[in-house]
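A.B. asks: Structure incoming, see below.
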Amino acid sequence: MTDPEPPPFLAPSTIHFCPLCGASLAVEAVPPDHREQKVCSRCRFVFYLNPKVVAATIPELDGAVLLTRRLINPGRGLWTFPGGFVDFGETVTDAAVRETFEETGLKVDLTGLLNVYTYPAAPVIIVYTAHVTGGTLTTCDENDALEWVAPARIPWDTLAFQSTREALRDWVAARGEMPGG
């Protein structure tokens, strides 16, 4: 399973009007690279449709990773690690810590950048390793199960996204173990 396509309402073909003045947008080659973008016919605003950013953590405790089973689509019923969209005005690191707390009830300290995962027409996923410092393990509206999983027991066949698989492989490999899946 690959990471999800953006919702159809976010596709570039659905953007027709300028968010500043409301005039119609037209496709034009925009300097300096002359790539085609939507440009306002009145105020000349260039509407760049950029990817969203997801901040995530791989919480570690006693050699195990915390996985969450999703209650929502995309990936309903499949496993991933805590993460979500970075809010405007928030740093990626703050978002990773916040999302982990919201989805698991656990407080974490980030211990390092694992990697950045990027795919066409999908969010940019930034994954950190994290050490649990406190809190009470609890589910939320987005998941129905939380499970500490040893590297050898990662459920490779039921992971939610390509980025989940790749990040967990990177995490296992960084520990000097042989990744599965």
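The values are calculated or read from the model by the stated rules, or taken from the named source; none is laboratory data. Not measured: the values here are computed from a predicted model. Neighbour counts are summed over all protein chains in view; Cβ atoms, including those assigned to glycine, are modelled from backbone coordinates with ideal geometry.
A.B. asks: Which of the numbered conditions does CYS40 fail, given that it passes all the others? Conditions: (1) surrounded by 13 or more Cβ atoms within 10 Å (Cβ to Cβ); (2) over 30 Å from ASN143 (Cα atoms); (3) touching an Asp or Glu at 6+ places or on another chain (Cβ under 7 Å).
C.D. replies: Exception for CYS40: condition (3).
A.B. asks: Does VAL108 satisfy the criteria of being under 30 Å from SER13 (Cα atoms) and either surrounded by 17 or more Cβ atoms within 10 Å (Cβ to Cβ) or under 16 Å from the mean Cα position of the chain (by Cα) (or both)?
C.D. replies: The answer is no for VAL108.
A.B. asks: Follow-up question, since we're still on this one. When you go through LEU146, LEU137 one by one, which is the residue that is over 13 Å from the mean Cα position of the chain (by Cα) and buried (at least 17 other Cβ atoms within 10 Å of the Cβ)?
C.D. replies: LEU146
A.B. asks: Is the stretch 73-95 home to any residue that is buried (at least 17 other Cβ atoms within 10 Å of the Cβ) and charged (D, E, K, R)?
C.D. replies: There is no residue in the stretch 73-95 that is buried (at least 17 other Cβ atoms within 10 Å of the Cβ) and charged (D, E, K, R).
A.B. asks: Then there's this: Considering the stretch 24-63 alone, what residues qualify as being acidic (Asp, Glu) and in the same structural domain as THR164 (by TED's automatic domain parsing)?
C.D. replies: Answer for the stretch 24-63, where residues must be acidic (Asp, Glu) and in the same structural domain as THR164 (by TED's automatic domain parsing): GLU60, ASP62.
A.B. asks: Out of the stretch 55-79, which residues are under 20 Å from GLU177 (Cβ atoms) and β-branched (Val, Ile, Thr)?
C.D. replies: Residues satisfying the conditions are THR57, ILE58, VAL65.
A.B. asks: So, in the stretch 157-178, how many residues would count as being touching a residue at least 12 places away in the same chain (Cβ under 8 Å) and closer than 15 Å to ALA64 by Cα?
C.D. replies: Count: 9.
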